[in-house]
Amino acid sequence: MKNDRTPLLAQPVGLPSFTRFALLLGLFVLGALVAAAGALIQGAWFPGGLLLALAGEIGLCLGGALLTRGRAGAVAPAGGWMLAVILLTASRPEGDFVFASDGGSYIFLLGGMATAVMCATLAPTRQPEGDDVRLGK
């Protein structure tokens, strides 16, 4: 990044590096795995399993945000979680499905979406460096 005092949003956006792309793809896959594990454990050990499943998603989203130092690290596992949960809610031709129609499943679905949004919103973002970026100086 150049030090030509142009605002960060005015600079052209480039493609992410291969390492960053691989990291975000790994977080996406981990989000899907956390969703599958959470879907199984939340119904098995209610209410402890539900809390454990939601804590796992929160930990993955916040950990990804801290690892990448940006919101993309929280959005990638949240997207994987969301895709896996949507695929797991569909019933199969045999008639069985992963989620029961009880309150715990709805709390897992809605609580998981809410925590994903909160983690992506509150994730730490990159800040410009230097003394001259402070207002009033």
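The values are calculated or read from the model by the stated rules, or taken from the named source; none is laboratory data. Being a predicted model, the structure only gives us computed values, none of them experimental. Cβ coordinates were reconstructed from backbone atoms using ideal geometry, including for glycine residues, and neighbour counts include every protein chain displayed. With ligands, DNA and RNA removed, areas are computed over all heavy atoms of the protein, side chains included. Shrake-Rupley method; radii C 1.70, N 1.55, O 1.52, S 1.80 Å.
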Report yes if some residue within the range 64-84 is open to solvent by less than 20 Å² (accessible area, probe 1.4 Å), more than 23 Å from LEU15 (Cβ to Cβ), touching a Leu at 6+ places or on another chain (Cβ under 9 Å) and at pLDDT below 90; otherwise report no.
no
Give all pairs with beta carbons closer than 9 Å in which a residue from the range 81-108 that is more than 30 Å from GLY26 (Cβ to Cβ) meets a residue that is open to solvent by less than 80 Å² (accessible area, probe 1.4 Å) and not aliphatic (A, V, I, L, M); count only pairs at least 6 apart in sequence or on separate chains.
ALA100/GLY43; ASP102/GLY43
Would it be correct to say that LEU33 is within 21 Å of VAL98 (Cβ to Cβ), touching a residue at least 60 places away in the same chain (Cβ under 8 Å) and assigned to a helix (DSSP H, G or I)?
no
